[in-house]
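Below you'll find the structure, written out as structure tokens, and then a few comments.
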Amino acid sequence: MKNLKEELTQFQEMLRTNASADWSENDPKTEFSVLSEKLQTIIKTIPSERQETCNRLEDFICEDEDRYATTEEALQLLEKQADIDGSVMADDIVLMWEKVEYEFTVDQLLEQINL
């Protein structure tokens, strides 16, 4: 997050410089294209809400190649089960870490990860 803050601060400085620049002799198109590319790079580093949810889920589940290949797939399995019956134990759907084994139903786990 610190790196993102530094990049945004640098970007803000670039904007200030360009806002006060004298464009009477130069075409600002090139400079603003560079700024646009820089902003797109910064935006791509910000995780989506879905990715943040998957990151939180990783604190509760283990890898289980037989049932799911990614955390996203595990989350989809939990969501499908919640639509059917969220009162079943999450352990029946995904492989939970031992320290939280049999502590959460599917609904409770989804609530725990803010979904």
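Each value in this text was obtained by applying a stated rule to the coordinates, not by laboratory testing. Given the structure is predicted, the values throughout are model-derived calculations rather than measurements. Cβ placement follows ideal geometry from the backbone for every residue including glycine, while neighbour counts extend to all protein chains displayed.
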Next on the checklist: Using DSSP to call loops (not H, G, I, E or B), can you name the GluC sites (Glu not before Pro) in segment 1-48 whose Cβ has at most 10 other Cβ atoms within 10 angstrom?
Outcome noted: Glu25
Item to check | Long-range HN-HN contacts of Tyr68 with modeled amide H, under 5 Å | outcome: none
Checklist outcome for this item: Taking every C-alpha to C-alpha distance in segment 2-45 and binning by 5 Å from 0, the per-bin percentages run 5, 22, 29, 21, 13, 7, 3, 0
Item to check | Along each principal axis, Cα extent of the chain, largest first, Å | outcome: 69, 24, 23
Checklist entry - Once you sort the root eigenvalues of the Cα gyration tensor of segment 10-74 as a ≥ b ≥ c, which label holds: rounded (a/c under 1.5), prolate (a/b larger than b/c) or oblate (the other case)? => result prolate
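In debye, nearest 20, what is the charge dipole magnitude of the chain about its Cα centre with +1 on Lys and Arg Cβ and -1 on Asp and Glu Cβ, if you could check?
Magnitude of the dipole: close to 700 debye.
Once every DSSP H run of n ≥ 4 in the chain is given -39500 (n - 2.57) and the sum is divided by its residues, what mean residue ellipticity at 222 nm do you get, rounded to the nearest 500 deg cm²/dmol? Could the numbers behind the result be given before it?
Details: 5 runs with 66 residues, N = 115.
Taking each H run of at least 4 residues, the total per residue is -18500 deg cm²/dmol.
Per residue, what volume in Å³ does the convex hull of the Cα atoms of segment 49-112 enclose?
Working: hull volume 4.7 nm³, N = 64.
Measuring per residue, one finds 74 Å³ for the Cα hull of segment 49-112.
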Item to check | Which of Gln108, Leu75, Leu4, positive extreme of dipole for the chain (C-beta unit charges) | outcome: Leu4
Checklist entry - Amide H of Ile61: which non-local residues (sequence gap of 5 or more, or other chain) have their own amide H closer than 5 Å, using H built in the peptide plane? => result Trp97
